[in-house]
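No lab work stands behind these numbers, since they all come straight from the coordinates. Keep in mind that this is a model prediction, so the values were computed, not measured. Note that each Cβ is placed from the backbone with ideal geometry, even for glycine, and that neighbours are counted across all protein chains shown.
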Amino acid sequence: MRKTHAATLPGRRRALAMMAGASVGLGMAGWGLSATNDAQSAPQEPLGELAARAGLQFGASIAGEALSDAGYRRLYLEHARILTSDLALKFAILRPDRGAPRYEDADALVAFAAANKMPFRGHCLIWNESNPDWIKSLGKAEMADLLDRHVDATVRRYKGRVHSWDVVNEPFWPDHGAPGGYRNGPWHNALGPGYIARALRIAAAADPSAKLVVNEAFTERGDALGLAARAGMLRLIDDLRKQDVPLHAIGLEAHLQPQFKSDDDGFVRFLKEIAGRGLDIYLTELDIDDASLPRDIGLRDKVAAARVGAFLQRALSVPAVKVLECWQLSDRYSWYADPSMLRARAAGDLPRPLPFDRYFTRKPMYDAIANALRARSPA
């Protein structure tokens, strides 16, 4: 994953209803998979109901297309039991300029969740990436005041209507060279790592009923980046606990990337270390980057499902995991389908990172998630 989270790339929320191109068959040899596609062999049970029986909540990020596309909306109503804002509550969307915040899109999503009796998660209040240019010239005192005003105003606006806030998103990026492996950016550059505790305290005061979360990427990886993100997160949790800073859960994105080294055993140990510190765990942005997988669609879907299934079977064995969310539900609206992401792929090679295809039909990844939920003992 790049330093700048590609979820914020321009045009991500365009309706990308492109026809799937022809694929080159690569055969089944070497993958240990059957040629039989049995994704439709079992009844389709709502993932949200399977999750509830397993003692956790299943859902997905949501944006305007779920309100305007009736077929996609039905997919959410059938399967999701908790929702997270996609782009609508990010700083750059709410405050693209110095004028009044633009809450309209977020208001519509919060209202949709309330109308359908689904808890709603706010993502995200403070992130060191993808901020508008106008804040980059502010001094330290101005940045501190802006952080306070933004967190307070946003959380108070939705007080009592938001289940949890990703108060700080992706605080770590070791390649920036900052002490502690923190991600540089306007908030960190102005206020140092203390911006995290500051934001959490302001959010807690604005809505004491909301659960407060620090959300991070990469930790499922077994390479240097993933290991550094794990270590940094554990240090951060301990520092916040010493300062008596309110924190209820850690969000781990789980954007699976088969092109990098995985480490499910180490990831489970990491989850248990978080749980041992008294925090819940949310898997917040599950999907899989399939660009390195076979181009034959049937084989690709099987390989992707096998990876997702293996990951979830291990991760969901930890009782502290309370929420499982995909980042969107359908390939049609995945951030991987943004044109700026597609340029890196072969012509006609459309991404298939989610449990439902671009026509809202379930794929083997649905079965992998469903089976992992069935296998989990209720918490």
Ranked 323, 167, criterion: other C-beta atoms within 10 Å, fewest first: 323, 167
Candidates per trypsin sites (Lys or Arg not before Pro) in the range 218-289, loop by DSSP, up to 13 other Cβ within 10 Å: 261
Of [x] 173; [y] 228; [z] 132, the label for volume of the Cα convex hull per residue in Å³ derived from the coordinates: [z]
Table column - 3J(HN,Hα) (Hz), the range 204-211, Karplus curve with 6.51, -1.76, 1.60, x for Gly and Pro: 5, 5, 6, 8, x, 7, 7, 7
Simple Cβ-charge dipole of the chain, Lys/Arg +1 and Asp/Glu -1, about Cα centre, in debye nearest 20: 360
Mean-position separation - Cα centroids, the range 291-363 and the range 239-288, in angstrom: 20
In nm, spacing of pseudo-spin labels at residue 239 and residue 176 (7 Å Cα→C-beta vector): 1.2
Spin-label proximity, residue 205 to the range 140-156 - amide N less than 14 Å from point 7 Å beyond Cα toward beta carbon: 144-156
Projected label distance in nm at residue 53 and residue 360, using a 7 Å step from Cα toward the beta-carbon: 2.4
Rough spin-label spacing in nm, given labels placed 7 Å along Cα→Cβ, for residue 108 and residue 159: 2.7
